[in-house]
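Notes follow once the structure below has been shown.
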Amino acid sequence: MRSLLQVDTGKMVRFVRFHGGESFQQKMLSLGLLPGDAARVIRRAPMNGPVLVEIAGREFALGRGVAAKIEVEECPL
């Protein structure tokens, strides 16, 4: 498993699975994030800051704990 937290800046990924309980799954759904969505990692903030990703033209700042629970696979640009 490779998490979103481990992806280098500028890489494109596809969400494979969200690892978390029901409330985590609901949080992802409420943000409109679904398995199969493609995302580009824009920036990983220093000092344990959030991971900034772009998904379908929208930017999301995901905390490191959240990013660690999102399983991804790299996809071509």
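With Cβ to Cβ distances under 15 Å as the rule, what net charge do the other residues near Gly65 carry (K, R +1; D, E -1)?
With Lys, Arg at +1 and Asp, Glu at -1, the neighbours total +3.
List the residues, sorted by chain then number, that are 5 or more residues from Val7 or on another chain and whose placed amide H is less than 5 Å from its amide H.
Long-range HN contacts for Val7: none found.
Looking at the chain as a GNM with Cα springs under 10 Å, which of Leu29, Leu52, Leu62 has the largest mean-square fluctuation?
Leu29
Okay, helix-only estimate at 222 nm for the chain: each DSSP H run of n ≥ 4 adds -39500 (n - 2.57), divide by all residues, round to 500 deg cm²/dmol; what do you get?
Working: 2 runs with 14 residues, N = 77.
The per-residue figure over the chain is -4500 deg cm²/dmol.
If you compute Cα extents along the principal axes in Å for the structure shown, which of (1) 30, 29, 25; (2) 42, 30, 23; (3) 56, 38, 8 do you land on?
Evaluating Cα extents along the principal axes in Å on these atoms matches (1).
Any idea what the dipole of the chain comes to, in debye rounded to 20, about its Cα centre with Lys/Arg Cβ at +1 and Asp/Glu Cβ at -1? Present the calculation step by step, with values, prior to reporting the outcome.
Values: 11 positive and 8 negative charges, 31 e Å.
Dipole size: approximately 140 debye.
Values in this text are rule-based calculations from the coordinates and carry no lab data. Just so it is clear, the structure is predicted and the values come from calculations on it, not from any experiment. In this analysis, Cβ positions are derived from the backbone assuming ideal geometry, glycine residues included, and neighbour counts consider all displayed protein chains.
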